[in-house]
1. Regarding region 68-87, can at least one residue be identified that is touching a Cys at 6+ places or on another chain (Cβ under 7 Å) and of a type in the set (A, V, I, L, M)?
2. Consider PHE45 carefully, then state whether it is within 16 Å of the ligand (Cβ to nearest atom), touching a helix residue (DSSP H, G or I) at 6+ places or on another chain (Cβ under 9 Å) and closer than 15 Å to PHE137 by Cα.
3. Being free of Cβ contacts under 8 Å to residues at least 60 places away in the same chain and in contact with a helix residue (DSSP H, G or I) (Cβ under 8 Å, 6 or more places away or on another chain) is the filter; apply it to region 116-143 and report the residue that is surrounded by the most Cβ atoms within 10 Å (Cβ to Cβ).
4. Of everything in region 54-102 that's assigned to a loop (DSSP other than H, G, I, E, B) and touching a strand residue (DSSP E or B) at 6+ places or on another chain (Cβ under 8 Å), which residue is nearest to the ligand (Cβ to nearest atom)?
5. Checking PHE137 against (1) within 16 Å of the ligand (Cβ to nearest atom); (2) under 19 Å from GLY7 (Cβ atoms), only one condition comes out false. Which one?
6. It is to be established whether one or more residues within region 5-24 are in contact with a helix residue (DSSP H, G or I) (Cβ under 6 Å, 6 or more places away or on another chain), in a loop (DSSP other than H, G, I, E, B) and either aromatic (Phe, Trp, Tyr) or touching a residue at least 24 places away in the same chain (Cβ under 8 Å) (or both).
Amino acid sequence: MRVKGHGEFMALALEQSTQVLPSCLPNPPVGCVLVRSSVVVATGFTQAPGRHHAEAMALQSTPGSLHDVIAYVTLEPCSFYGRTPSCAVSLISRSIGHVVVAMHDPDSRNNGRGIALLKAAGVTVTEGVLGKEVSAFLTPYLNLGLK
Ligand SMILES: [Zn+2]
């Protein structure tokens with residue numbers, strides 16, 4: 001059996017994110033897939049403001065340490081505590097092993113800080129996977145309002 005690559009799991013995350021419009025607005029439609037040993041163990045998508053971000057939804061359904069899990073997220077995890085706790089901090093607190101991100105979050109409150117937090121905690125971060133496709137879908141929804 002051929003093992004799926006980063007691009008295919010990111011495509012699944014993108015697929016997750018396309019189903020949340022318009023209920024997530026003004027939060028951007030973000031998708032997340034958690035993968036252990038090439039098997040999807042959880043999926044998540046951003047919900048209405050004040051409710052779960054994509055990462056939080058996926059983490060909630062996956063108990064225990066995630067040191068052997070790769071998280072595929074279409075947008076850089078948030079670094080700030082807005083209406084919900086920071087997803088970057090949540091991923092770190094669950095000992096996530098590897099985070100694959102499609103695109104940077106241009107939000108001035110984040111803008112690389114989410115990725116920096118993960119790296120500083122020793123998490124492997126891979127950026128730009130399926131970046132063009134995700135950006136084409138997601139960019140129109142960024143900076144629409146507070147998260
Ligand atoms: Zn978040």
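1. yes
2. Yes; evaluated as a whole, the condition is true for this residue.
3. By that ranking, first place goes to LEU118.
4. PRO77
5. Every listed condition holds for PHE137 apart from (1).
6. No: zero hits.
Any read-out appearing in this document is the output of simple, stated calculations on the displayed coordinates, not a laboratory observation. Computed from a predicted structure; not experimentally measured. Here the Cβ is made from the backbone with ideal geometry for all residues, glycine too, and neighbour counts use every protein chain on show.
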